[in-house]
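Q: One structure is given below, represented as structure tokens, and several questions about it will come after.
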Amino acid sequence: MTIHELTCISCPLGCQMKVEVDDQGQVVSVTGNTCKRGEVYAKKEVTNPQRMVCSTVHLMGGTMPLVAVKTKEPVSKAKIFDVMDEVRRLTVDAPVHVGDIIKEDIGGTGVALVATQERAARR
């Protein structure tokens, strides 16, 4: 058995939790959480931690040189470097609108990379 100590980030309380995991990697128990969201977060964090990735992409022909982007859904922490390697090589043409898909499957994750800013084309 392994015990992981975590601070919950699901709400502002920041509960100090302990997650007990068996030798097969299965969660046996979660303690210290004050709500169900904490338990869900703890289980995911020790079995398959995921994060949103936010960055910028080069913009061609726009009023600014970059446009802010993020993954549409969280991606596995193990894939973040693959995502960022691809983000660094991307270039998009202006105009760009919030929610535009910049790359359908970023870093082999199956998750889309989307714009989070409006960027007009140069006149």
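Q: Among (1) surrounded by 15 or more Cβ atoms within 10 Å (Cβ to Cβ); (2) outside any loop (DSSP other than H, G, I, E, B), there is one condition Ser10 misses while meeting the rest; what is its number?
A: Condition not satisfied by Ser10: (2).
Q: Can you say whether Glu86 is part of a helix (DSSP H, G or I), modelled with pLDDT of 95 or more and either touching an Asp or Glu at 6+ places or on another chain (Cβ under 7 Å) or surrounded by 14 or more Cβ atoms within 10 Å (Cβ to Cβ) (or both), as far as the supplied structure shows?
A: So Glu86 fits the description; yes.
Q: Out of Val92, Val83, Val57, I need the residue that is among the β-branched types (Val, Ile, Thr) and closer than 28 Å to Gly38 by Cα. Which one?
A: Step by step, each of Val92, Val83, Val57 is checked, and only Val83 is among the β-branched types (Val, Ile, Thr) and closer than 28 Å to Gly38 by Cα.
Q: Those residues that are hydrophobic (A, V, I, L, M, F, W, C) and in a loop (DSSP other than H, G, I, E, B), I need them from the range 13-23; list them, please.
A: Those that are hydrophobic (A, V, I, L, M, F, W, C) and in a loop (DSSP other than H, G, I, E, B): Leu13, Cys15.
Q: Does Arg123 meet the test of being charged (D, E, K, R) and touching a strand residue (DSSP E or B) at 6+ places or on another chain (Cβ under 6 Å)?
A: no
Q: Additional query: Can you find a residue in the range 59-68 that is exposed (fewer than 12 other Cβ atoms within 10 Å of the Cβ) and either free of Cβ contacts under 8 Å to residues at least 24 places away in the same chain or touching a Phe, Trp or Tyr at 6+ places or on another chain (Cβ under 9 Å) (or both)?
A: Yes, the range 59-68 contains at least one residue that is exposed (fewer than 12 other Cβ atoms within 10 Å of the Cβ) and either free of Cβ contacts under 8 Å to residues at least 24 places away in the same chain or touching a Phe, Trp or Tyr at 6+ places or on another chain (Cβ under 9 Å) (or both).
The values are calculated or read from the model by the stated rules, or taken from the named source; none is laboratory data. The structure displayed is predicted, hence computed values, not measured ones. Note: ideal-geometry Cβ built from the backbone for every residue, glycine included; neighbour counts use all protein chains shown.
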